[in-house]
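The values are calculated or read from the model by the stated rules, or taken from the named source; none is laboratory data. As the structure is a computational prediction, the values presented were derived from the model and not from experiment. Positions of Cβ are generated from backbone atoms using ideal geometry, with glycine treated the same way; all protein chains shown enter the neighbour counts. These area figures cover heavy atoms from the full protein model, side chains too; ligands, DNA and RNA do not enter into them. Shrake-Rupley method; radii C 1.70, N 1.55, O 1.52, S 1.80 Å.
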Amino acid sequence: MTQKNNNDFTQGSILQNIMNMAIPITLGQLINILYSVVDRIYIGRIPGTASLALTGLGLSIPVTTIVMSFSNLFGMGGAPLCSIERGRGNEKEAQAIMCNAFVLLVSTGLFLTMIGYLLKEPLLYLFGASNETFPYANDYLSIYLSGTLFVMISLGMNQFINAQGFGQIGMITIMSGAAANIILDPIFIFQFHMGIRGAAIATVLSQMISALWVLHFLTGKKTLFRIERHAMKLNASRVKNICALGLSGFIMGITNSLVSIVCNTTLQTCGGDLYVGIMTIINTIREVISMPVSGITGGAQPVISYNYGAGAYKRVKSCIRVLSIIGIAYTGFIWILVSVLAEPLMRLFTDNTELIQAGLPCFHIYYAAFIAMSLQFTGQSVFTSLGYSRQAVFFSLFRKVIIVIPLTLFLPTVCNPGVYGVFAAEPISNVVGGAACYITMLTLILSSLNRLEQMQTEGK
């Protein structure tokens, strides 16, 4: 392990520190979204079976989300702790946290692969598959599950590359896999005539490339902390702290999966396969347009954690202010943009006139309060960065489980047509959940930072 600590976030401009991390992370995450976007664009143009195949892929999303949630549990849980210990100058503990997370990611990845193969058929029908769409969902998921370990390593351990301040290296992790996916998708789908199975094969191979790059860097000479066997011994207290802090990201992913299941099954009842396909397209667009604000909050996390660990509390408050301004400005701009470009955005994924005409009203309802998403992202990120695990977990549950799911089940009974109620649950949750999370964060965190600053001044 190198003793260099040249990524010092207590120095220089707050905005520059955040953007130096956020830009490569955002680009990397946007490129990562191309895994799913490119898959869905190509699948949406498979001759003769495009709509059923696209819906089948949408039915697989809850499973892929669950896998990513477990990578978040250990990656997003361990990385802020690693940054805090790095800020304190405790390099040995920072390395141990990273290596413990690696063991957890690998062992959980193997377990999820086994469980996935055992339960995939009943799960897909539970998620809203019909007899027409099940074969497509099954073909995709059967191949995707073979790459579960690659997903866990590439997504989970890339958090630790970013936590050490190597944002550009983290971006390469994502870029290498996404570039491979863009190249391989049309080859396997169209040239080899493998359809949705070809999309899954391309995705798995691409994820393998990303995972190999992560392992190459984190066992090499340029990293601050290496994956080494002596640091892999699991410590109960350390594992508990990783899981406690990562629980919010995990729950956010699991609840996203649960919401997706509830939405698909409700839409299947109210509108059939057509509206499940519409939700797949809308969710794909949401993943793309929300990724920059997610990247900015992700870029701010190591900066906030490091400064907090180093006792630079004024800089932590500056980080929160900068993060809030950027998030609100971005989501406000995108809110206007997607409202104007709804039809062209949907046409990226399908030429089906019936689907587009039925989907446009749903699109406008779903994105009616997109600007409020910035409040949830900012509040959640700050809680996680500073180790407020209980608050982070609560607000992950609050927006999705307490607001979205009940509304998804209730609103179709009072809306005409009922499918509009499913799409209306999202903007309501954005406003109520986002405002509650952000206001609580400001009230709790700022008072705590002011108290720590006073104690620090009195100590001097």
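What the table shows:
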item: Identity of the residue in segment 295-331, out of contact with any Ser or Thr (no Cβ under 8 Å at 6 or more places or on another chain) and under 21 Å from Phe370 (Cα atoms), that ends up most open to solvent (accessible area, probe 1.4 Å); result: Arg321
item: Qualifying residue in segment 255-265 (condition: under 20 Å from Pro302 (Cβ atoms) and assigned to a helix (DSSP H, G or I)); result: no
item: Ser305 in a helix (DSSP H, G or I) and more than 18 Å from Gln380 (Cβ to Cβ); result: no
item: Filter result (surrounded by fewer than 18 Cβ atoms within 10 Å (Cβ to Cβ) and closer than 19 Å to Ala424 by Cβ) within segment 339-356; result: Ser339
item: Residues of segment 155-180 classified as under 29 Å from Ala94 (Cα atoms), in contact with a Phe, Trp or Tyr (Cβ under 8 Å, 6 or more places away or on another chain) and part of a helix (DSSP H, G or I), total; result: 9
item: Candidate set: segment 373-388, residues that are buried (at least 24 other Cβ atoms within 10 Å of the Cβ) and of a type in the set (Gly, Ala, Ser); chosen: the one nearest to Thr440 (Cα to Cα); result: Gly379
item: Neighbours by Cβ (under 9 Å, 6+ apart or cross-chain): first from segment 169-190, under 22 Å from Gly44 (Cα atoms); second open to solvent by less than 40 Å² (accessible area, probe 1.4 Å) and not in a helix (DSSP H, G or I); result: Ile189/Ile46; Phe190/Ile46
item: Residues of segment 94-137 classified as open to solvent by 50 Å² or more (accessible area, probe 1.4 Å) and either small (Gly, Ala, Ser) or free of Cβ contacts under 8 Å to residues at least 24 places away in the same chain (or both), total; result: 10
item: Given (1) within 26 Å of Glu287 (Cα to Cα); (2) open to solvent by 50 Å² or more (accessible area, probe 1.4 Å), index of the condition Thr413 fails; result: (1)
item: Residue within segment 328-347 that is in contact (Cβ under 8 Å) with a residue 60 or more places away in the chain, closer than 30 Å to Glu453 by Cβ, of a type outside the set (Phe, Trp, Tyr) and in a helix (DSSP H, G or I) present; result: no
